[in-house]
Amino acid sequence: MINATHEELLRRLALHDEPFIDSALGLQIDDNEAAGLDPKTHALIRLGALVAQGAAPVSYSWAVEAALAAGATIDEIIGTLIAVAPIIGLARVVSATLGVALAIGYDLDQAFEALDKEAHG
């Protein structure tokens, strides 16, 4: 990675490129064994931590994809948002909801537009 251009490094960080992060930063993102958790629980906790930190939408997408791949349901993903809300604050969860919704394939902006059209005929 040392020979990579700064543009490539920035792209890889922005895309949450796990192999790059593992090698360049020395972080092991998917180390479930160290925490003693099953992969699904680990992925849901990571999602909650990202919401708590006010992460970028690409991070929510990465976390949701990891949770789904580990066997989490959409209800469990939404449950994670609800579970962390009293601890991290509702405003933080509301802020993250659009990115999480997009990651599960639900476009809230489009849904709100459709509801608005229905309400105003």
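The values are calculated or read from the model by the stated rules, or taken from the named source; none is laboratory data. Keep in mind the model is a prediction, meaning the values are calculated, not measured. Neighbour counts are summed over all protein chains in view; Cβ atoms, including those assigned to glycine, are modelled from backbone coordinates with ideal geometry. Heads up: the accessible areas ignore ligands, DNA and RNA and are worked out on the full protein's heavy atoms, side chains in. Shrake-Rupley method; radii C 1.70, N 1.55, O 1.52, S 1.80 Å.
At-a-glance table
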item: Hey, V58 surrounded by fewer than 17 Cβ atoms within 10 Å (Cβ to Cβ), touching a residue at least 24 places away in the same chain (Cβ under 8 Å) and either in a helix (DSSP H, G or I) or among the hydrophobic types (A, V, I, L, M, F, W, C) (or both) or not; result: yes
item: Number of the exception - D31 against (1) over 20 Å from A101 (Cβ atoms); (2) at pLDDT 70 or above; result: (2)
item: Qualifying residues in segment 92-121 (those that are among the polar types (S, T, N, Q) and open to solvent by 50 Å² or more (accessible area, probe 1.4 Å)) - the one nearest to the chain's Cα centre (by Cα); result: S95
item: Any chance V64 is closer than 27 Å to L9 by Cβ and at pLDDT 95 or above; result: yes
item: Residue count for segment 61-70, restricted to those that are part of a helix (DSSP H, G or I) and either open to solvent by 30 Å² or more (accessible area, probe 1.4 Å) or not aliphatic (A, V, I, L, M) (or both); result: 5
item: Residues that are of a type outside the set (A, V, I, L, M), surrounded by fewer than 17 Cβ atoms within 10 Å (Cβ to Cβ) and closer than 19 Å to S61 by Cα, drawn from segment 71-91; result: G71, T73, D75, G79
item: Cβ pairs under 6 Å, 6+ apart, first in segment 12-24 and at pLDDT below 75, second among the acidic types (D, E) and open to solvent by 50 Å² or more (accessible area, probe 1.4 Å); result: none
item: First in segment 99-120 and in a helix (DSSP H, G or I), second anywhere and among the polar types (S, T, N, Q) and open to solvent by less than 100 Å² (accessible area, probe 1.4 Å), Cβ under 6 Å, 6 or more apart; result: A103/S61
